[in-house]
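Participant: Would you mind keeping the following structure in view while I ask a few things?
The values are calculated or read from the model by the stated rules, or taken from the named source; none is laboratory data. The structure displayed is predicted, hence computed values, not measured ones. Note that each Cβ is placed from the backbone with ideal geometry, even for glycine, and that neighbours are counted across all protein chains shown.
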Ligand SMILES: Nc1nc2c(c(=O)[nH]1)N[C@H]1C(S)=C(S)[C@@H](COP(=O)(O)O)O[C@H]1N2
Ligand SMILES: [Mo]
């Protein structure tokens with residue numbers, strides 16, 4: 001006879017109560033690790049980890065997959081568990097909320113994981129919901145674990161014993177407050193729970209509010225705010241074409257998340273240069289003034305990050321890449337175009353054919369204003385039909401090459417083929 005695997009043994013053998021406890025503690029640990037990795041992925045400065053971030057994302061995804069397994073193992077116990085809590089409304093509410101959060105996290109998480117096969121509109125919503133569940137769920141989990149900790153149980157037990165015997169206590173300020181509350185029929189444990197809740201709200205509230213404001217503000221990134229602290233000194237500033245100011249697209253809809261794999265670099269027109277080299281007949285070097293003399297165009301396009309967020313209807317003003325390539329006269333051996341960021345780390349690559357698409361732009365303005373430092377100014381690449389990791393910020397050099405170059409994120413697991421589903425090409 002075949003020996004049964006230990007976990008099958010466990011599934012069929014272990015008593016209900018023990019199983020429930022195990023699953024609960026697995027779930028708690030997974031949630032903890034998922035929250036930590038998730039927050040690290042969310043915090044912009046952690047993008048500077050570069051490669052580490054790609055690992056973090058993988059870890060987050062696999063922890064998520066394991067949490068699905070835990071949930072699936074729990075499902076057969078659900079109806080018994082639910083019946084057991086018949087008389088305990090607050091515990092039923094807790095269970096309902098936790099299940100709702102878990103399913104929400106899992107569904108939106110899978111969507112983000114499989115984002116490349118979904119339209120960007122969907123993943124945009126999935127990302128917002130995934131974040132929202134975390135804003136609610138993570139503080140709730142902290143609250144839940146504190147309010148059910150031994151410490152709180154002790155407080156409850158104390159209350160019970162105090163009912164029997166007069167307990168002589170030090171009259172601390174907190175003690176007096178508790179006395180007062182007790183007179184007002186608020187129990188000690190309820191008071192502690194309220195305190196924990198209030199502290200959590202205080203800690204999380206302000207950043208949650210900021211996040212909410214960002215998400216609900218569909219009027220676009222507040223460029224003036226970002227520009228207020230702009231570290232670039234480009235003189236003279238570019239003067240917008242009439243189409244660009246006011247922007248023909250009506251202004252971008254949605255928020256840019258500011259990404260960088262280095263410190264945000266700053267530039268000055270005194271030493272800023274833009275170059276095209278490699279397999280070209282005529283190498284080109286422009287300083288800022290000369291660069292501003294190049295003929296610009298205006299286009300309205302959407303911007304999609306592969307992590308799920310989008311900004312719609314940006315009005316970009318800049319030089320079509322194809323025009324720059326014409327000026328440099330690309331040699332026939334050239335097959336790929338490599339892009340270098342002025343941060344000296346980030347690079348990316350397009351095939352020559354892709355680079356010649358008419359909406360690939362070397363942009364200097366967004367919505368009628370110079371591109372702020374944070375968004376890749378003074379000059380950034382824009383490749384609207386591909387995920388935004390192709391849109392190199394602080395673009396300063398272009399090289400024509402004959403073999404494909406693997407870009408910064410592509411080297412770290414992003415697909416070299418970056419077409420956005422539903423773009424003209426797909
Ligand atoms: N130099 C540089 N360019 C970059 C990146 C970067 O980290 N460094 N991130 C890319 C990614 S993944 C995205 S989504 C966009 C983000 O642009 P934003 O920071 O203006 O929102 O820039 C792209 N270009
Ligand atoms: Mo991105």
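Participant: For the condition in contact with a helix residue (DSSP H, G or I) (Cβ under 7 Å, 6 or more places away or on another chain), in the same structural domain as residue 317 (by TED's automatic domain parsing) and either under 17 Å from residue 302 (Cβ atoms) or within 7 Å of ligand 1 (Cβ to nearest atom) (or both), what is the one hit in 359, 367, 343, 348?
Facilitator: Details: 359 fails: in contact with a helix residue (DSSP H, G or I) (Cβ under 7 Å, 6 or more places away or on another chain); 343 fails: in contact with a helix residue (DSSP H, G or I) (Cβ under 7 Å, 6 or more places away or on another chain); 348 fails: either under 17 Å from residue 302 (Cβ atoms) or within 7 Å of ligand 1 (Cβ to nearest atom) (or both).
Within the list 359, 367, 343, 348, the selection yields 367.
Participant: Need the failing condition index for residue 405 against (1) touching a strand residue (DSSP E or B) at 6+ places or on another chain (Cβ under 7 Å); (2) within 14 Å of ligand 1 (Cβ to nearest atom), just the number.
Facilitator: It fails just one condition, (2).
Participant: Given the condition more than 16 Å from ligand 2 (Cβ to nearest atom) and either at pLDDT 90 or above or under 24 Å from residue 241 (Cβ atoms) (or both), answer yes or no: does some residue in the range 407-418 qualify? Quick ask: steps written out before the conclusion?
Facilitator: Taking the range 407-418 as the starting set, the residues that turn out to be more than 16 Å from ligand 2 (Cβ to nearest atom) are none.
Within the range 407-418 (the criterion being more than 16 Å from ligand 2 (Cβ to nearest atom) and either at pLDDT 90 or above or under 24 Å from residue 241 (Cβ atoms) (or both)), the answer is no, since none of the residues qualifies.
Participant: Could you list, in sequence order, all residues of the range 390-404 that are within 13 Å of ligand 2 (Cβ to nearest atom) and under 23 Å from residue 231 (Cα atoms)?
Facilitator: 391, 392, 393
Participant: Is it the case, given these coordinates, that residue 394 is on the phi > 0 side of the Ramachandran plot, modelled with pLDDT of 95 or more and under 25 Å from the mean Cα position of the chain (by Cα)? Explain how you work it out, then say what you get.
Facilitator: Values: on the phi > 0 side of the Ramachandran plot: yes; modelled with pLDDT of 95 or more: yes; under 25 Å from the mean Cα position of the chain (by Cα): yes.
Answer is yes for this residue.
Participant: Residues in the range 408-426 that are within 11 Å of ligand 1 (Cβ to nearest atom) and surrounded by fewer than 18 Cβ atoms within 10 Å (Cβ to Cβ): how many?
Facilitator: Here the count works out to 1.
Participant: Could I ask something else about it? So which pairs qualify, if the first residue must be in the range 384-404 and without any contact (Cβ under 8 Å) to a residue 60 or more places away in the chain, the second must be in a helix (DSSP H, G or I) and away from ligand 2 (no atom under 15 Å from the Cβ), the Cβ gap must be under 9 Å, and the two must be at least 6 apart or on different chains?
Facilitator: From the range 384-404, the pairs are 385/354; 386/354; 390/354.
Participant: I want to confirm something. Restricting to the range 256-283 and keeping residues that are in a loop (DSSP other than H, G, I, E, B) and within 17 Å of residue 382 (Cβ to Cβ), which single residue is modelled with the highest pLDDT?
Facilitator: Just the residues of the range 256-283 that are in a loop (DSSP other than H, G, I, E, B), to begin with: 256-267, 269-272, 279, 281-283.
Going one step further and asking which of them are within 17 Å of residue 382 (Cβ to Cβ), we end up with 256-260.
Numbers: 256: 91, 257: 87, 258: 88, 259: 88, 260: 88.
The extreme case among them is 256.
Participant: Now for a separate question. Which one of 352, 411 is more than 20 Å from residue 314 (Cβ to Cβ) and without any contact (Cβ under 8 Å) to a residue 40 or more places away in the chain?
Facilitator: Numbers: 352 fails: without any contact (Cβ under 8 Å) to a residue 40 or more places away in the chain.
Checking each option against the conditions leaves just 411.
Participant: Quick check on this structure: which one of 377, 308, 342 is at pLDDT below 95 and in contact with a strand residue (DSSP E or B) (Cβ under 7 Å, 6 or more places away or on another chain)? Break it down into steps so the answer makes sense when it comes.
Facilitator: Details: 308 fails: in contact with a strand residue (DSSP E or B) (Cβ under 7 Å, 6 or more places away or on another chain); 342 fails: at pLDDT below 95.
Just one listed residue meets the conditions, 377.
Participant: Checking residue 372 against (1) surrounded by 23 or more Cβ atoms within 10 Å (Cβ to Cβ); (2) closer than 30 Å to residue 111 by Cα, only one condition comes out false. Which one?
Facilitator: (2)
Participant: Shifting gears a bit: Quick check: anything in the range 320-336 assigned to a strand (DSSP E or B), in contact with a helix residue (DSSP H, G or I) (Cβ under 8 Å, 6 or more places away or on another chain) and crowded, with 16+ Cβ neighbours inside 10 Å?
Facilitator: Taking the range 320-336 and keeping what is assigned to a strand (DSSP E or B), we get 320, 330, 336.
Going one step further and asking which of them are in contact with a helix residue (DSSP H, G or I) (Cβ under 8 Å, 6 or more places away or on another chain), we end up with 330, 336.
Checking which are crowded, with 16+ Cβ neighbours inside 10 Å leaves us with 330, 336.
Yes: one or more hits.
Participant: Tell me which residues, restricted to the range 284-316, are surrounded by 19 or more Cβ atoms within 10 Å (Cβ to Cβ), within 16 Å of ligand 2 (Cβ to nearest atom) and not in a strand (DSSP E or B).
Facilitator: Listed by number, the residues that qualify are 305, 306, 308, 309.
Participant: Looking at the structure I just gave you, is residue 348 surrounded by 18 or more Cβ atoms within 10 Å (Cβ to Cβ), within 16 Å of ligand 2 (Cβ to nearest atom) and either assigned to a loop (DSSP other than H, G, I, E, B) or at pLDDT below 95 (or both)?
Facilitator: On the way: surrounded by 18 or more Cβ atoms within 10 Å (Cβ to Cβ): yes; within 16 Å of ligand 2 (Cβ to nearest atom): yes; either assigned to a loop (DSSP other than H, G, I, E, B) or at pLDDT below 95 (or both): no.
So residue 348 does not fit the description; no.
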